1. Would you mind estimating how fast the chain diffuses translationally, via Stokes-Einstein at 10 °C and 1.306 mPa s with the Kirkwood radius over Cα pairs, in µm²/s?
2. With a 1.4 Å probe and every protein chain kept in, tell me what percent of the accessible surface of the chain is carbon plus sulfur.
3. If you average 1/r over every pair of different alpha-carbon atoms in region 69-111 and take one over that average, what Kirkwood value in Å do you get?
4. What is the helix-to-structure angle for 57-73, meaning the angle in degrees between its Cα long axis and the longest Cα principal axis of the chain, kept from 0 to 90 and rounded to the nearest 10?
5. Just the number: Rg to Rh for region 14-59, Cα atoms, Kirkwood Rh, two decimals.
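The values are calculated or read from the model by the stated rules, or taken from the named source; none is laboratory data. Since the model is a prediction, treat every value here as computed from it, not as a measurement. Ligands, DNA and RNA are stripped out before the accessible areas are found, and what is left, the full protein with its side chains, is counted by its heavy atoms. Shrake-Rupley method; radii C 1.70, N 1.55, O 1.52, S 1.80 Å.
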Amino acid sequence: MDCVFCKIAAGEIPTDKIYEDEYIIAFNDLDPQAPIHFLVIPKKHITSLATLDESDSDLLAKIMLAIKKLANENNLEGYRVVTNIGEDGGQTVPHLHFHVLGGRAFHWPPG
Ligand code: AMP
Ligand code: ZN
């Protein structure tokens, strides 16, 4: 499949990797929107939260726990976790990913 994040997961595209295990990979965003901005993705191709299946629930829990661990390692107390879904959600890469942003204050509502 011609998916940039599947290629990152397969090691076919170099990336600034910060974490990897059997199921998950995390890497710094190419175009950071905060002093700390990394992405956490499943290695398995899932298009977005909108196509998540019941059988993915363990995987999703693993991703959330990896986010917590990586945020702790980066000494983030307050931070933001975002997943964009579809065109109106602002999703540009159709492979499920969670943005973790930190190191500055964030505002609400988002743009
Ligand atoms: P989204 O717009 O929510 O789909 O987010 C996609 C994110 O992936 C953007 O923040 C991009 O900067 C980032 N991105 C795209 N390609 C790469 C890459 N090869 N390595 C790291 N980050 C990337
Ligand atoms: Zn993919």
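1. Calculated translational D: 110 µm²/s.
2. 52 percent
3. Its Kirkwood hydrodynamic radius stands at 11.8 Å.
4. 40 degrees
5. 1.02
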